[in-house]
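Read through the structure below, which is laid out as structure tokens, and then see the notes.
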Protein chains: 4
Amino acid sequence: MKSLSEIRRAELRRAAFAVLQQQGMAGATLEKVAAQAGASKGIVLHYFRNKQEVFEHAMREANAQLMESIVLRMRQARSPQERLFAIIDGNFAEHFFQPSVCQGWLSLCAAVPHDKTLARIQRVIHARMRSNLVSALKDLVAAKDIEATALGITTLIDGLWLRRSLQGERFTRREALEQMEDYVRARTGLALGLADAFRQASP
Amino acid sequence: MKSLSEIRRAELRRAAFAVLQQQGMAGATLEKVAAQAGASKGIVLHYFRNKQEVFEHAMREANAQLMESIVLRMRQARSPQERLFAIIDGNFAEHFFQPSVCQGWLSLCAAVPHDKTLARIQRVIHARMRSNLVSALKDLVAAKDIEATALGITTLIDGLWLRRSLQGERFTRREALEQMEDYVRARTGLALGLADAFRQASP
Amino acid sequence: MKSLSEIRRAELRRAAFAVLQQQGMAGATLEKVAAQAGASKGIVLHYFRNKQEVFEHAMREANAQLMESIVLRMRQARSPQERLFAIIDGNFAEHFFQPSVCQGWLSLCAAVPHDKTLARIQRVIHARMRSNLVSALKDLVAAKDIEATALGITTLIDGLWLRRSLQGERFTRREALEQMEDYVRARTGLALGLADAFRQASP
Amino acid sequence: MKSLSEIRRAELRRAAFAVLQQQGMAGATLEKVAAQAGASKGIVLHYFRNKQEVFEHAMREANAQLMESIVLRMRQARSPQERLFAIIDGNFAEHFFQPSVCQGWLSLCAAVPHDKTLARIQRVIHARMRSNLVSALKDLVAAKDIEATALGITTLIDGLWLRRSLQGERFTRREALEQMEDYVRARTGLALGLADAFRQASP
DNA sequence: GATGAATGAGGGTTCATTCAT
DNA sequence: TATGAATGAACCCTCATTCAT
């Protein structure tokens, strides 16, 4: 059971991430965050110490949304390969792999080098992602290749997100998933079927 | 023969990119740019119409520095494979694949969605990189795979730059080059030797 | 019942007009307006969107002060002639027909051609003045002369205000009222007695 | 024979008054003055000590243009009444009684209270206008009414200029001349025929 | 004489943050 | 808890003015 104040905080950090998506870090003011949450101007700093803290929680929110996507898929995963599929596919969930969302995420990444807390959060997020991937890869690739493969996957995911940010709809979700599929196949020999939804006919 | 004013403009855009590296977009003020260039505050807007324009030229500067790295290597390339090496290796030149440089670059990328000119510049940069890669890959991979491979390479490069931004020295140039080497080998069968400088002993 | 914020806005627009009187439009900064109101610089733009809006309200304030003078006299007017007297005399109220006030007003007039809202306000003000005059003149002059006479009166008033701005105390209120008296008498045959307060002896 | 530098100064003060007409005092920068004169940015302050001086000469220029109008008409005046006509009509010369010109003039008037030199120039201009009018009125009205009548005429002229500034084309030259005609007739009994050009048929 | 580079002061505006209600 | 008034710092930008060529 959540307290009222926790609900309010959740609303606000959702709003913060939403504003970030639309306006980027430069255009993200506390007033806009409040407006996005349908609240009054002064409220934001009742729940957060300062602006930094607001956007630190926005990064947590962003990651929470991503994890939700992944966990949803994880529940139905019955094998290491399905777990690997779940992790990767979760990163490209249709409602999530959107230009605006990627842009919001990118805004936060660009702030990481100048905010220690943001850096710490990012470290935790990355560690968890790596840990999930390593766990899934344990039975799929040679032990000595696990770390490098996991790193390669997260890096390519990041690259694809960056590309989506820069090119918007001109870079499609399909292209992204095909890149991931090709990459995984080339490095592990596995066919995850990430882009299958787009394939018209199979030979 | 450069005019005096062009020299000044070059100094300023170098300064702008330098400030971006140290402070990010949020902390990048025109005053700091001027100070970095050893000039007075007013001069910056004597050469550029406004702040936007300054940082648009900073992106051009960043790309120019990258191209310099690549062109240098390209001159000694005698085969398609050496050209492919040159392009990729140029992206990881020691003085260039630095946390601060990557962070400056990332700051600009994060601003792309909110600045049409920045977006246009980015598009041009990306088009050239793709064109270079496609040209080098023409004789190295099957025709149908050229585009996807080129895209994959640029995307992984971006991802590695992003990782360098986020993790700083904790993510090494060696790791980056090994990822690139593995990726290229897995997708094209080629051994470029990107990480050879780091290899202690040969088998 | 005025809200607190309306009181503050009224204070600020009074301050804005006061600054205008002392410094003219060129010297009228928001900081001085704030200081005049005994407030901080930031507060001015808390209540008004920008500098333009501040001085648009300053013009409303100026007109409000004029109308107050006129309305006060209107209340005691029992005949068309007394109404005519009230309107004209109100324009030369002792506390109002001051060099500084006229100069403030002139500053605003000079800005009218470059500010649409100011122009609109001016139009409304002028329309009301004309309407008041026309109404008072209806029973005093031939129908065909009403409009021209009303226009003549307002124009001469403006001219006298302008003169007061330019010459300050060297152009006296008495001279102004005598000019008005002469003008009205010449054009309508009426003796309003505008300058009677100054007349030492009667013939 | 004018020196080259005097020609340049004349060009610049014409340009200054032109800029004032279009942009008002707030928008009148030295750079625009230079541009208007087809000269380079720095040149203005080679010929004038500072901005104030530039616009002081702009006022002289404005008055010179007015005097030109009047002198032209004066040359053909053969009687006091024709001289009176010349003075008044000169103030409403078609190319001169334009909204923009009146606005430029008004901008200067609004600056008079805050610039001693401007005030002095204005005083001289007004004195000359008064002197011209007094001289023309000497044989037309009773001695005791000369001063007041002269003052009334200049004041109404100012008022009509002000109205033209505020209302632009919506207040026509014809209306202005009719007001002057009516005023002069009412106060002196003279029919100058100022508005005759507009009269279709005579009785 | 003429140009335009360079400076720096100052103003409008935005915004995080604090405070009183 | 919630509101929004109030503050003040900082930034972008404009411009008068000076200077070097």
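What follows is calculated from the coordinates using simple rules that are stated; it is not laboratory data. Quick caveat: nothing in here was measured; it's all calculated off a predicted structure. In this analysis, Cβ positions are derived from the backbone assuming ideal geometry, glycine residues included, and neighbour counts consider all displayed protein chains.
Charged side chains reduced to their Cβ positions (Lys and Arg at +1, Asp and Glu at -1) give the protein assembly as shown a dipole of some 500 debye around its Cα centre.
If only the Cβ of Lys and Arg carry +1 and only the Cβ of Asp and Glu carry -1, the dipole of chain D around its Cα centre is close to 500 debye.
Scanning chain B for trypsin sites (Lys or Arg not before Pro) that sit in a DSSP loop and have at most 10 other Cβ atoms within 10 Å, the longest stretch containing none of them is B:79-203.
Counting neighbouring Cβ atoms within 10 Å and putting the fewest first, the residues B:M129, D:M74, A:M59 line up as D:M74, B:M129, A:M59. Residues whose amide H comes within less than 5 Å of that of C:N91, counting only those at least five positions distant or on another chain, are absent (H built at 1.01 Å from N in the peptide plane). For the range A:32-37, backbone phi angles converted through the Karplus equation (6.51, -1.76, 1.60; θ = phi - 60°) give residue-by-residue couplings of 5, 4, 4, 4, 4, 7 Hz, Gly and Pro being listed as x. When only alpha carbons are used to place a centre, the range C:56-129 and the range B:60-123 end up 66 Å from one another.
Structure note, pairs D:K32/D:K116; A:K116/B:K32; C:K116/D:K116: Cα-Cα distances above 28 angstrom occur for C:K116/D:K116. What value does chain A have for Rg/Rh, both radii from Cα atoms and Rh as Kirkwood defines it? We get a ratio of 1.01 for chain A.
Taking every alpha-carbon pair within the range B:160-203, the share separated by more than 15 Å comes to 48 percent. For C:A142, the distances from its label point to the matching points in the remaining copies are 2.5, 10.4, 11.6 nm, ordered from shortest, with each point set 7 Å beyond Cα toward Cβ. Per residue, the convex hull spanned by the Cα atoms of the range C:94-203 measures out at 115 cubic angstrom. Principal-axis analysis of the Cα atoms of chain C puts helix C:143-167 at an angle of about 50° to the longest axis. Each Lys or Arg adds one and each Asp or Glu subtracts one; over the other residues with Cβ under 15 Å from the Cβ of C:V124, this totals +4. Of the Cα atoms belonging to the protein assembly as shown, the radius of gyration and Dmax stand at 38.7, 129 Å. Cβ crowding within 10 Å, taken as a proxy for footprinting-reagent exposure, orders A:M67, D:M180 from fewest neighbours to most as A:M67, D:M180. Which residue, C:A15, C:I157, C:I88, has the largest displacement toward the positive end of the dipole of chain C when charges sit on each Cβ (Lys, Arg +1; Asp, Glu -1)? So the residue furthest toward the plus end is C:A15.
With only the Cα atoms considered, the range C:1-99 has a convex hull volume of 113 Å³ per residue. Charges were assigned to the Cβ only: +1 to each Lys and Arg, -1 to each Asp and Glu. The resulting dipole of the range D:62-134 about its Cα centre is roughly 340 debye.
Sorted from fewest to most neighbouring beta carbons within 10 Å, what does the list C:D196, A:D158, B:D145, C:D182 look like?
Going from least to most buried by this count: C:D196, B:D145, C:D182, A:D158.
Inter-chain Cβ neighbour count for C:112-119, averaged per residue, equals 5 (cutoff 10 Å, partner chain atoms only).
The residue among A:S107, A:L66, A:V141 whose Cα reaches farthest toward the positive pole of the charge dipole of the range A:56-203, with charges on the beta-carbon of Lys, Arg, Asp and Glu, is A:V141.
Report the Rg/Rh value for the range C:64-154, based on alpha-carbon coordinates and the Kirkwood definition of Rh.
On the Cα set of the range C:64-154, Rg over Rh gives 1.00.
Couplings 3J(HN,Hα) for the range C:45-58, derived from phi with the Karplus relation 6.51 cos²θ - 1.76 cosθ + 1.60 (θ = phi - 60°), are 7, 7, 9, 10, 5, 6, 4, 3, 4, 4, 7, 5, 6, 4 Hz, where x marks Gly and Pro.
Couplings 3J(HN,Hα) of the range C:108-123, computed from phi: 5, 4, 5, 8, 3, x, 10, 8, 4, 5, 4, 4, 5, 4, 4, 4 Hz, in residue order, whole Hz [Karplus 6.51 cos²θ - 1.76 cosθ + 1.60, θ = phi - 60°; x for Gly and Pro]. Just check the range D:114-178 against the gyration tensor rule for me: Cα atoms, a ≥ b ≥ c as the square roots of the eigenvalues, rounded for a/c under 1.5, and otherwise prolate or oblate depending on whether a/b exceeds b/c. Because a/c hits 1.5 or more and a/b fails to exceed b/c, the range D:114-178 counts as oblate.
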